[in-house]
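Structure first, commentary second.
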Amino acid sequence: MEYIIRPLDETEYSVLESFLYEAIFVPDGVSAPSRDIIRQPDLQVYLEGFGSRKGDAALCAVYGGSIVGAVWGRIMNDYGHIDNETPSLAISLYKEHRGKGIGTGLMRRIIRTYGELGYKRLSLAVQKANYAVKMYEKVGFRKVSENEEEYIMLYNG
């Protein structure tokens, strides 16, 4: 069985809640937050009315008929915000599907998808301790700023 990457259908947008929770980086030895953390306004910007705004796009990874990962973006004032013309991305996979190249595949495909939509730049925020930093660099993102905990990264077509 292999992974399939495809656009997320609008009838499936509700799965983004689960993947938003999975996207929260939890360092080793730290307890995961309660699932209701995604109800906080600074996280709801990733979900609220998804699919209704210019720049909203989402892909998923499917394995054995189930969605096991997602990448999505929108123009929003989130942690990775660069400007009002640049979509910010979020990506996550269920733990058992990580480390298999699926995230890299999702990122490459969302970069291509946004390119086809006319967007040359994409941004994201990532915790400095997150192993995904290397993957983001591998697909063309560069660190453009940082704070104590995270990097803001930019893909500049």
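Laboratory data are not the source of any read-out in this text; all were calculated from the coordinates shown. Since this is a predicted model, take the numbers as computed values, not measurements. Cβ atoms come from the backbone with ideal geometry, glycine included; neighbour counts cover every protein chain shown.
Within a Cβ distance under 13 Å of GLU22, other residues only, what is the Lys/Arg minus Asp/Glu net charge? That sum, taken over residues with Cβ under 13 Å, equals +1. Residue pairs exceeding 23 angstrom between C-alpha atoms, taken from LYS95/LYS120; LYS54/LYS95; LYS100/LYS120; LYS100/LYS138; LYS95/LYS138: LYS95/LYS120; LYS54/LYS95; LYS100/LYS120.
Return the label of the correct value of Rg and Dmax of the Cα atoms in Å, as calculated from the structure shown, out of [x] 15.6, 47; [y] 21.2, 79; [z] 14.5, 42. Here the calculated entry is [z]. Sparsely packed loop sites in region 117-157 (the GluC sites (Glu not before Pro) outside DSSP H, G, I, E and B with at most 14 other Cβ atoms within 10 Å) comprise GLU148, GLU149. Taking every alpha-carbon pair under 8 Å whose residues sit at least 6 apart, region 59-146 reaches a relative contact order of 26 percent.
What does a probe at LYS100 reach in region 40-64, counting residues whose amide N is under 17 Å from the point 7 Å along Cα→Cβ? Taking a point 7 Å out along Cα→Cβ of LYS100, the residues of region 40-64 whose backbone N falls under 17 Å are 60-64. Applying 1/(1 + (r/R0)^6) with R0 = 30 Å to the Cβ-Cβ distance of ARG53 and GLU2 gives a FRET efficiency near 0.40. Near LEU124, the amide H atoms lying under 5 Å from its own belong to LEU89, MET153; only residues 5 or more places off or on other chains count, and H is placed 1.01 Å from N. Among GLY49, GLY80, GLY29, determine the one that fluctuates most according to a GNM of the chain built with springs between C-alpha atoms less than 10 Å apart. So, out of GLY49, GLY80, GLY29, the one fluctuating most is GLY29.
For Cα pairs less than 8 Å apart in space and 6+ apart in sequence, what is the mean separation divided by the residue count of the chain, i.e. the relative contact order in percent?
Values: 253 pairs, mean separation 31.8, N = 157.
That works out to 20 percent.
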